[in-house]
1. Among residues belonging to region 278-297 that are of a type in the set (F, W, Y) and within 16 Å of the chain's Cα centre (by Cα), point out the one that is least open to solvent (accessible area, probe 1.4 Å).
2. Among the residues of region 298-339, count how many are open to solvent by less than 10 Å² (accessible area, probe 1.4 Å) and either under 26 Å from Q257 (Cβ atoms) or assigned to a strand (DSSP E or B) (or both).
3. Which ones in region 126-178 are in a loop (DSSP other than H, G, I, E, B) and within 16 Å of D208 (Cβ to Cβ)?
4. Could you say which residue among Q251, Q257, Q275, Q238 is touching a helix residue (DSSP H, G or I) at 6+ places or on another chain (Cβ under 7 Å), modelled with pLDDT of 95 or more and open to solvent by 40 Å² or more (accessible area, probe 1.4 Å)?
Amino acid sequence: FSSRTNITIMTEDNTDSTTTTPPILEEVVWRDDLIRWEGGLNVDIKKKSDADGDDGDESSDDGQSFLIDPFADPDPFEMFHFDFDLPSSSNNTNQQQALEDTDNKDEVNNNTSRSISLQIRGYKTDAEQIWQSTGLTLWRASHYLCEYQVEHSELFQNKRVLELGAGLGLNGILAWRLSCTACVHDDESHVETPIDESTSEVCITDGDSDALVHLRDNIERNRPTTTTDSTSKVSCHQLIWGKDSSQKFLQHIAHNQKYHVLLASDIIYSAVIVQPLWETVHTLLEKEGGVFIMAYARRKKVPVSIDLVLETAVEWGFGYELVKEDLKDGIWVYEFRFR
């Protein structure tokens, strides 16, 4: 991928207000159909400022913008709703004992769990826009990765987290909200007290300029409403995979601080992106204790096997472990670490 990434800085403080700093790198116009349909990385990337100044003839995609499809869905958007029940941070043995000591298991579960509600707005999975930018809707592996995130919410406490190829941002936003809900459990009073300060930082990225518009909107849509839940920092940036662009991202955006956790789901749709993916992971992931968590879904029309992904990971010095799977739906979650 080109190193000419344009990254717009969006940083948020611990209040509901958002502070925007000037761009460090210029944003580029890029959509993932350039990879899926043209089958290569030598794509024509425009600066966003140049693209915004194009006249009608140059921005019409060979005149397609003037065509009207009488069968097109008049409302191609969809609001996806999610409610995640979070397990108590208390010792699992204590919760199990409470379940054994009472017949009212619902009451115990209600007293020992919290929840996170998210609303993600994007396109319907059959919308025409998905042909240009696959990140404009939600795919099944992202749902499955959410389950793993909730089951292992401790991974996001006081960590630097980055999501690759976030699309609408479901997994990255959930990681951010999980990092906001850290609690300390008092075993005597059985009361959970929210931690006042969190050192977590979550960076949600995508290379697709169309997806970034919806991603940033979804971050604002799911911003916590209470001060207690706003202690974790979140940012959104453009990141096109590859060694050069990732090194610039590390220097200018991450300030040379690598990430403890990388997340990704449903990102493998062409063999040509596998090498740039691992170049990016190798550049941005902490070598000591860092983990890359990836959810992969099998698809008949995607000519990329998980074997290629795993073999390339080994070539880049990673070991891997299968940590969750759904054989019926063909979804797997892997953890990768430096060997």
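1. F292
2. Of region 298-339, the ones open to solvent by less than 10 Å² (accessible area, probe 1.4 Å) are 304, 309, 312-313, 318, 330-331, 333, 336.
Still in the running and either under 26 Å from Q257 (Cβ atoms) or assigned to a strand (DSSP E or B) (or both): 312-313, 318, 331, 333, 336.
Total meeting the criteria: 6.
3. Going through region 126-178, the residues in a loop (DSSP other than H, G, I, E, B) turn out to be 126-127, 132-133, 137-139, 152, 157-159, 164-169.
Passing the criteria: A127, Q132, S133, T137, L138, W139, L164, G165, A166, G167, L168, G169.
4. Among Q251, Q257, Q275, Q238, only Q275 is touching a helix residue (DSSP H, G or I) at 6+ places or on another chain (Cβ under 7 Å), modelled with pLDDT of 95 or more and open to solvent by 40 Å² or more (accessible area, probe 1.4 Å).
The values are calculated or read from the model by the stated rules, or taken from the named source; none is laboratory data. Because the structure is a prediction, the values reported are computed rather than measured. Every residue, glycine among them, receives a Cβ derived from its backbone with ideal geometry; neighbour counts consider all protein chains shown. Each accessible area value is taken on the protein alone, full model and side chains, heavy atoms only, with ligands, DNA and RNA left out. Shrake-Rupley method; radii C 1.70, N 1.55, O 1.52, S 1.80 Å.
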